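Shown next, in structure tokens, is the structure this report addresses.
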Number of protein chains: 4
Amino acid sequence: MDFSIPAESEARHHAIGEFVRARLLPREPALLSAGFRAAEPELEELRGEVRAKGWWAPAVPAALGGLGLSLLEHALVSEVLGRSVFGHYVFGAQAPDAGNIELLHRLGNEEQKGRFLTPLVRGEVRSCFAMTEPESPGSNPTELRCRARREGGDYILDGHKWFVTGADGAGFAIVMAVTDPAAPPRQRATMFLVPTDTPGFRRVRNVPVMGRAGDGWLSHGEILLQSCRVPERQRLGEEGGGFAAAQERLGPGRVHHCMRWIGICERAFELMCARASSRTIEGQSRLADQPLFQATLAECRVRIDAARLLVLKAAWTIDQEGFAAAAEEISLAKFFVAEVMTGVVDAALQAHGALGMSDDTPLAFYYAHERAARIYDGPDEVHKLSAGRRILKRHGG
Amino acid sequence: MDFSIPAESEARHHAIGEFVRARLLPREPALLSAGFRAAEPELEELRGEVRAKGWWAPAVPAALGGLGLSLLEHALVSEVLGRSVFGHYVFGAQAPDAGNIELLHRLGNEEQKGRFLTPLVRGEVRSCFAMTEPESPGSNPTELRCRARREGGDYILDGHKWFVTGADGAGFAIVMAVTDPAAPPRQRATMFLVPTDTPGFRRVRNVPVMGRAGDGWLSHGEILLQSCRVPERQRLGEEGGGFAAAQERLGPGRVHHCMRWIGICERAFELMCARASSRTIEGQSRLADQPLFQATLAECRVRIDAARLLVLKAAWTIDQEGFAAAAEEISLAKFFVAEVMTGVVDAALQAHGALGMSDDTPLAFYYAHERAARIYDGPDEVHKLSAGRRILKRHGG
Amino acid sequence: MDFSIPAESEARHHAIGEFVRARLLPREPALLSAGFRAAEPELEELRGEVRAKGWWAPAVPAALGGLGLSLLEHALVSEVLGRSVFGHYVFGAQAPDAGNIELLHRLGNEEQKGRFLTPLVRGEVRSCFAMTEPESPGSNPTELRCRARREGGDYILDGHKWFVTGADGAGFAIVMAVTDPAAPPRQRATMFLVPTDTPGFRRVRNVPVMGRAGDGWLSHGEILLQSCRVPERQRLGEEGGGFAAAQERLGPGRVHHCMRWIGICERAFELMCARASSRTIEGQSRLADQPLFQATLAECRVRIDAARLLVLKAAWTIDQEGFAAAAEEISLAKFFVAEVMTGVVDAALQAHGALGMSDDTPLAFYYAHERAARIYDGPDEVHKLSAGRRILKRHGG
Amino acid sequence: MDFSIPAESEARHHAIGEFVRARLLPREPALLSAGFRAAEPELEELRGEVRAKGWWAPAVPAALGGLGLSLLEHALVSEVLGRSVFGHYVFGAQAPDAGNIELLHRLGNEEQKGRFLTPLVRGEVRSCFAMTEPESPGSNPTELRCRARREGGDYILDGHKWFVTGADGAGFAIVMAVTDPAAPPRQRATMFLVPTDTPGFRRVRNVPVMGRAGDGWLSHGEILLQSCRVPERQRLGEEGGGFAAAQERLGPGRVHHCMRWIGICERAFELMCARASSRTIEGQSRLADQPLFQATLAECRVRIDAARLLVLKAAWTIDQEGFAAAAEEISLAKFFVAEVMTGVVDAALQAHGALGMSDDTPLAFYYAHERAARIYDGPDEVHKLSAGRRILKRHGG
């Protein structure tokens, strides 16, 4: 066992941290309040700087044009990027594109890679992932209602999707639809590559979330698919392979989220420390001098440290043995890190008093929008139950 | 001891509940997304209905034109009103006006009552309360920086306030300012009645809170006072009496908030129950059939019941013996009920999954905006410490 | 609604409190470390004092020789008695005898009342209740294995029981045994009155609990029933009526436990306050001056207050409408008050440091032995699930 | 970063685990209920087996006769030993001797080493550490009252100590006493080596803890020092060096406790899994099939994993950079691992129902006696405050 980080990684890690601190954090409030579309030109410039430094797409294989980091190395980068709402976006590592890149890389044929993957890796286009449905439980993709019927060489898609992150402005969607409702539950669904200008693919609205409909990458679309005709060559992978592919997408996706959440924890923690040192409570006494605050700080710190080690360990296991071997670790980390992150953000908000409620710090944004961490990619309850059952199986139960 | 509610109160309680359910809840989403100014005409109509039924201003003494309920009776009404974001507003019982009415009633002279109190009770004008400052701790009003210097028969106010709820569109503000910085801490400040069109009183912005600047009553203003001249007859109460008056305003204010939070708890709880019965998880199995959910429901229910009894007991103590006698009860209820309410809202949001994050239910609004409950009118930490010290004094410590 | 306590009750409440403080608390450590048998003569003297004051058996109907208090009045007495480990015993209100008195009162025929109930009410004999079995889940009395076969006019009992509180030294046991294993689950069991000297009734040991096997009333027996012959006239109630009777015994039993736990909370709280005022931490600074302690104290106080109101409210509901109407309230109070009590005891222990671990205060005894509160009479989990399901049914789910 | 364990360590780790499982666990209940003195002969035999396998004193430097493991390697061994109450004792790694060995190794002169250290390492004698006092806060060794006055070439010790673990039967004590009350707080105390048969050294009693006075190594003595004459050659280290030495003893001591607690967690977790698979709840349904239990299991698992990584990381930091560099990590781990351990033990007890309260599993022993983890070597509150302050200093506060 060795907890040291190689000097080279440490250096990159540090340089990226400096970039985030110097170039992103100062612009974050303005970009966030402007909205995505208005911010896009500036974000594009920042992406240019990242490309110039050779940091583009850290988790993408080098063959595809990325940095090709191991998952463990990526975890370290990702916790630095996570300190800014825009970190992953500016480095070409944002959800849902990162997951879609993996899917296309693994399942796409050459034609699909040329048409969809290449521009996506380059950041020339954005994509979205249309799985969640209003009327079926997101935690259980065997209950999907969206249908894809074959008609000649095409599929006709009909269904209703929502919480399709970044649908607004995306070039294409990966849509999960049931091709064979009579098949065993895990062989019913198939994935399709659907350009968003396909007739019958309609974005109804951006779902207002916590008072904000948002736009562009910072939004969650509601989509109606009505007799949407998709040619067979846009089917991603085998018919019936959608559920398995989604699981393979979600495993890494959860770890990626966990890594990013550690970054959010660290950002919130730094804000809390800075606030404590500058905020006077009474006379000469500062927030930093309040024992209740000091104890909260220690409780946050140890939880962040613990969460971080769990995430790095899971990344290491995946690097060594693949995702399947890490399934229990991923489920456990998913709900634990989400709990730690929402708890730390809540404590940091509280330490800021009224200021914490305002948009003058990123804490209110984190508090409101990262609450979803306990819901997306499997709510806490689902991960606790599935991890509990795995454990019992391991123990002969 | 008798936990029964007289039939007459029960009947009023029930009728008001029906009104909230039939007239307010169906309109709430539209009114909330429209913003306050756009919603105002419809809210005014609803207020007309309330006046016609004789329910206007339940907590205001009958002599002033209200219903004149005891605090205990008001608590029961308030938990019904709290089920809608607009309940208290439509019944003329909303903060900060309710607290300002009490202040004017207690401290105002006849001229001030005629000019400021009468139209406020009638709902012809809105008011705001300008105490919190960005640079001084809201939890400690002895540290205020806003100054009021005497100049002839006038006071010249200079200072910076924020989180002035409802400043946007208010007819006047009650402003806390230091008249004698050399006095003992609790005798430094004085209250002033300042019409919002007074030269030198400037609303800089509505502070964006959780991504929403809001407007009108649904906003929190940032105010600059720059050489703002206020004649002596607009001083509310004695010079140096501001701190004591603020404390007297805050005591009842905290209980009023607690009552309203019970209403929020019940609303969230009902939404959670309704969701559980309708949401299918897998096959025939509904959310309501999930043991983890059932246990959460029981945990929420007992906490709401407990919080409710604490609030009713505190209201009863105040009715019997006045606010001073209830100081410990109020501090304890303030942080406990806020904790219960934020916890129940969080659980209800979680039970709704992605829908809970959206503005399609009021849960996201409660989650984001009622988070402030643990901060305003004294953050949790301050109440815990002050209650702890009171208790130790009682026990001879 | 009225939270006041009539002057007469208040006076009795106060006098009993003084008695507990003056006569029981000073002797508690010696009696506790002596063990029950050695303490019995002194406890008997104290019982004499209680009888002389007219306080004997507060919850027992006056017709049977008790004080005949309402449940609400008893709750107030019980929280005073609960301040001492021996309070309920000395007042003739201890489990399991109190519950057995209720059973005999409700189900016993005249002969049974004369033989078993009368001496039990008078405190001339102790009894025990033999339901829990090592191999079947205590939370589910439909799974009992103990059998009672008819043979002529007798029943032959065979089975294995444990956690039979006070079996050591008891004059008789009420034994739950299955008379008809083929009946519907809730009609399988029957209760029997079994003198402990009946052949085939054998106490194997006192189960060592938290390192202490204890003795007499302060012990939990393990019982083997081997061909134990019990005549029909010792059957308590109808054949097959055991489950229903046990439920009727458990409902009140749970409320009685809750009342007693409030007393434990108050005792622990007083110890914590006293300790804080006397314990120096550094220089002149006492534990009472530590903010972390002050906050903990406030958190404990509000939870005790909340728990107490829930218990009083449940007692009131039962007085007004009977146990069935209070089933949800009782389930909710059972797990909530147990959680509050174990939490307050834990906090008080922590505040005492090493002293809290020692037997020099009653806190270690409470910490170890009252942990069972979350298990007996239905573990937390069972009450949460059953309350959750009841709630959903009420809400149309 | 590398989370793998070298094959050689893994093998030792595994072999020791097998030994604990095969040789210690089956004997644990009998040994524990027998008491230490009665168990000693059998424990001595087991120690012989350990010596024969070359595992004796894993953390002691090889030069002194131990295995000389690094702290990281020791942590892995220690979590295996921690699965049995007697694991560390049988391997010569038990507190307080392990800490005393380190003190003597670091501070002892040759004569002291020959007389006290050598037999201690060999396990021929036991020792104790007399620092805590009933009247001064254990968390603050600058407030000690025990005095050592010089008289000729000797010191005369007077004072009152308690919670002196293993004093009963120990050959000698290391006693902290104030030599210069006028010195700066951290230079007041000095350590002395005091054979327990020294006149004036009197063990008053074994403090009854959670109902058990215990004996031998399994006890906590109360000691009176009355005109106890100790020659100068038995002073350990410099005069005034006691506080610094105690700190150096406590740092490693805390990590050692943390390691052992991980073992307790794993033991409790295994018991919980085994129970769940064998315990029937209703019909065919086992505890393992209950969702509430499955979720609890997952919550325990991730907390144990997190705690374990924190401990291993702290051990690694100490191996690399020494104790001073790890001060914050140690404080954080101390309170977090104690919280996790007590939580896991509590959950495991609950899962066992009434059986969990009994001494038929080790859970009740852990529940009662390991509660002290949150108190000894600095209570939670002290570690939270000191870690919080360190963190703020690091962040420029």
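Some points to look at:
- The residue list A:G92, A:G65, A:G82, A:G54 contains one member that is touching a residue at least 60 places away in the same chain (Cβ under 8 Å) and either aliphatic (A, V, I, L, M) or not assigned by TED's automatic domain parsing to the domain that holds A:D215 (or both), which is A:G82.
- Extreme residue, surrounded by the fewest Cβ atoms within 10 Å (Cβ to Cβ), among residues of segment A:134-165 that are within 14 Å of chain B (Cβ to nearest Cβ) and modelled with pLDDT of 95 or more: A:H160
- Criterion applied to A:A63, A:A22 was being away from every other protein chain (no Cβ under 14 Å), part of a helix (DSSP H, G or I), over 21 Å from the mean Cα position of the chain (by Cα) and modelled with pLDDT under 95, and the one residue passing it is A:A63.
- Some residue of segment D:337-354 being within 16 Å of D:R254 (Cβ to Cβ), among the charged types (D, E, K, R) and in contact with a Lys or Arg (Cβ under 6 Å, 6 or more places away or on another chain): no
- Selected residue (criterion: nearest to the other protein chains (Cβ to nearest Cβ)) from residues of segment C:238-291 that are under 27 Å from C:E73 (Cβ atoms) and acidic (D, E): C:E270
- Listing of strands (runs of 3 or more DSSP E) fully contained in segment D:122-222 that carry 2 or more residues being over 29 Å from D:V90 (Cα atoms): D:147-151, D:154-165, D:172-178, D:189-195
- Exclusive hit being within 13 Å of chain A (Cβ to nearest Cβ) and not in a helix (DSSP H, G or I), set D:G388, D:G378: D:G378
- Test set (1) within 14 Å of the chain's Cα centre (by Cα); (2) under 20 Å from A:F163 (Cβ atoms); (3) in a helix (DSSP H, G or I) - A:S78 fails condition number: (2)
- Residue check, D:A348 in contact (Cβ under 8 Å) with a residue 12 or more places away in the chain and more than 12 Å from chain A (Cβ to nearest Cβ): yes
- Yes/no for D:Q294 being polar (S, T, N, Q), more than 17 Å from A:F336 (Cβ to Cβ), in a helix (DSSP H, G or I) and modelled with pLDDT of 95 or more: no
- Search result, residues across segment A:356-383 that are without any contact (Cβ under 8 Å) to a residue 12 or more places away in the chain and closer than 22 Å to A:L292 by Cβ: A:G356, A:M357
- Filter result (within 7 Å of chain A (Cβ to nearest Cβ) and within 15 Å of A:S358 (Cβ to Cβ)) within segment B:360-370: B:A368
- Hey, A:R147 over 23 Å from the mean Cα position of the chain (by Cα) and not hydrophobic (A, V, I, L, M, F, W, C) or not: yes
- Of all residue pairs spaced 6 or more apart or on separate chains, those with beta-carbon atoms under 9 Å, a first member in segment A:288-301 that is in the same structural domain as A:V345 (by TED's automatic domain parsing) and a second member that is crowded, with 21+ Cβ neighbours inside 10 Å and of a type in the set (S, T, Y) are A:A298/D:S331.
- Sole exception among (1) within 18 Å of B:A368 (Cα to Cα); (2) more than 20 Å from the chain's Cα centre (by Cα); (3) surrounded by fewer than 22 Cβ atoms within 10 Å (Cβ to Cβ) for A:E339, by number: (2)
- The listed residues are D:E124, D:E110, and the only one of them that is under 21 Å from D:L43 (Cβ atoms), surrounded by fewer than 16 Cβ atoms within 10 Å (Cβ to Cβ) and free of Cβ contacts under 8 Å to residues at least 24 places away in the same chain turns out to be D:E124.
- Of all positions in segment B:272-290, none carries a residue that is in contact with a Lys or Arg (Cβ under 6 Å, 6 or more places away or on another chain), closer than 30 Å to B:E248 by Cα and part of a helix (DSSP H, G or I).
Yes/no matrix, rows are residues, columns are (1) out of contact with any Ser or Thr (no Cβ under 8 Å at 6 or more places or on another chain); (2) part of a helix (DSSP H, G or I); (3) over 14 Å from A:D305 (Cβ atoms); (4) facing chain A (nearest Cβ under 9 Å):
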residue	(1), (2), (3), (4)
D:R301	yes, yes, yes, yes
D:A307	yes, yes, no, yes
D:V311	yes, yes, no, no
D:A325	no, yes, yes, no
D:S331	no, yes, no, yes
D:G343	yes, yes, yes, no
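The values are calculated or read from the model by the stated rules, or taken from the named source; none is laboratory data. Keep in mind it's a predicted model, so treat the numbers as computed, not measured. As a convention, Cβ positions derive from the backbone with ideal geometry for all residues, glycine included, and neighbour counts pool all protein chains shown.
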